[in-house]
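Worksheet for the structure shown next.
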Amino acid sequence: MGKHVHVLYIEDDDADARLLERAVNSASRIQIDRVPLLAAGLARLTAAERRYDAVLVDLGLPDVVDRLEAVRRLHELGIGIPIIVLTGQDDEETAIAALLQGAQDYIVKERIYEDALFRSVQYAMVRVSHETSTGQLREAMQELDAARDIQQAQFPSTFPELPGYEIAGQCEPALTCGGDYFDFFPLANQHQAIVIGDVSGHGLGPAMITASVRSVLRTLALQHSCVADILNLANTVVRNDDWRGRFMTMTIASLDTSTGDLNIATAGHNAVVLNEAGQLSASIDATELPLGMVDEFSAVPQQHRLQPGESLMLYTDGITETHDHNQKLFGQNRLLEATQRRYRETASEIGVETFSAARSFAGRVPQHDDMTAILLRRNPESNGRH
């Protein structure tokens, strides 16, 4: 807090103004500019070259309709300068009304002296600063809540109905918004696309990137059926954007429900296939770097025929890299163990179990990264026919 303050005094009565002049001598820590009318005060406060620490205002100015108009109009400026009423009226009801209208303090002129006025200005400045910060924080939280709602609305609210198959996905951001992404949509050949991604970092910035990528992939899927082509084109689009050093791992799979054939393209993101007991049957490793890192990008599709009882599981590293207070990682083995415990249950229930197991493993350690998982399971009795 400064050792001197600069205030604007709105007062039309010369005799009342002299009361303040006597209380504040020439060597005072308070510098005062005076104007006689509210209109002049408003003009002074909105002038770009002026900056005051506080406004002292009388309630009985000649250019106001009622006694609280000056406080109301000063407060409505919204410039974050504290308002202190300096009046000859010692009235508790008026004081309370002025404070409710936006004033920070109410001082009776006959009781004024320099130290009291200086402290009042400083305290008012602190209160206004706190209120401004609180208001800004509230607005930021509201904006984040809105962004979260938008992002959550982009995640599938229902899962595709695939005869002979079961599919489910779940995402839990570490913050209000996250950089993880999953989606289901049909390809140009009507095969089912399943995609999972993870933007580096978490929060609002990565969330905005996932929204952009979602739009790109769904647009490409209207004209393309090959997941590798879609991934290659997506990287071209991403490289033309400015992601400011961020990148995105991704796996896209297409499913032919009539045969169980999967075509899988990966960019820095792995996947696993589980057998009918929920045990690891095959690993599908990334063949390309994450999206956005290099121009020379050429994803190659990998094939796997999903047999009855088998599952494709996709997950982000926010699950496997969950750690406890000893920095021990949850890891893939514990993820698979959690999956096996519920493997006879629904895909959604399996997802709930894996997330619960990761959170339980972490204990009181806060979630440090977004967590997302997808499970596509071919029913054991499925013969591949519709």
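Among all residues of the stretch 289-297, there is none that is of a type in the set (A, V, I, L, M), within 30 Å of L220 (Cβ to Cβ) and modelled with pLDDT of 95 or more.
Among the residues of the stretch 180-195, what is the count of those that are within 15 Å of F247 (Cβ to Cβ) and out of contact with any Lys or Arg (no Cβ under 8 Å at 6 or more places or on another chain)? Spell out how you get there, then give the answer.
Applying the first criterion (within 15 Å of F247 (Cβ to Cβ)) to the stretch 180-195 yields 180-181.
In the following step, the residues that additionally are out of contact with any Lys or Arg (no Cβ under 8 Å at 6 or more places or on another chain) were identified as 180.
Qualifying residue count, the stretch 180-195: 1.
Working only within the stretch 187-232, note down all residues that are in a helix (DSSP H, G or I) and touching a His at 6+ places or on another chain (Cβ under 7 Å). The one that is in a helix (DSSP H, G or I) and touching a His at 6+ places or on another chain (Cβ under 7 Å): I230. Highlighted here are the helices (runs of 4 or more DSSP H) found entirely within the stretch 1-109 that include at least 3 residues which are small (G, A, S): 14-23, 38-46, 92-100.
Scanning the stretch 213-268 for residues that are over 15 Å from F184 (Cα atoms), open to solvent by 50 Å² or more (accessible area, probe 1.4 Å) and polar (S, T, N, Q) gives Q223, T236, N240, S258.
The conditions of being within 30 Å of the chain's Cα centre (by Cα), among the polar types (S, T, N, Q), modelled with pLDDT of 70 or more and surrounded by 13 or more Cβ atoms within 10 Å (Cβ to Cβ) are not met by Q104. Considering each residue of the stretch 336-352 in turn, none proves to be open to solvent by less than 60 Å² (accessible area, probe 1.4 Å), closer than 24 Å to L231 by Cα and touching a Lys or Arg at 6+ places or on another chain (Cβ under 6 Å).
Listed by position, the helices (runs of 4 or more DSSP H) enclosed by the stretch 300-386 that each have at least 1 residues that are farther than 25 Å from L204 by Cα are 331-341, 347-362.
Provide a single number: the residues in the stretch 249-286 that are in a loop (DSSP other than H, G, I, E, B) and of a type in the set (D, E, K, R). Final tally of qualifying residues: 2. On inspection, L231 fails the criterion of being within 24 Å of L335 (Cβ to Cβ) and not basic (K, R). Just so you know, in the stretch 356-386 the residues that are of a type outside the set (D, E, K, R) and crowded, with 22+ Cβ neighbours inside 10 Å include one that is farthest from the chain's Cα centre (by Cα), and it is L376.
The values are calculated or read from the model by the stated rules, or taken from the named source; none is laboratory data. Since we're looking at a predicted model, the values are computed, not measured. Cβ sites come from the backbone with ideal geometry, for glycine too, and all protein chains shown count toward neighbours. For accessibility, only protein heavy atoms count, side chains too; no ligands or nucleic acids. Shrake-Rupley method; radii C 1.70, N 1.55, O 1.52, S 1.80 Å.
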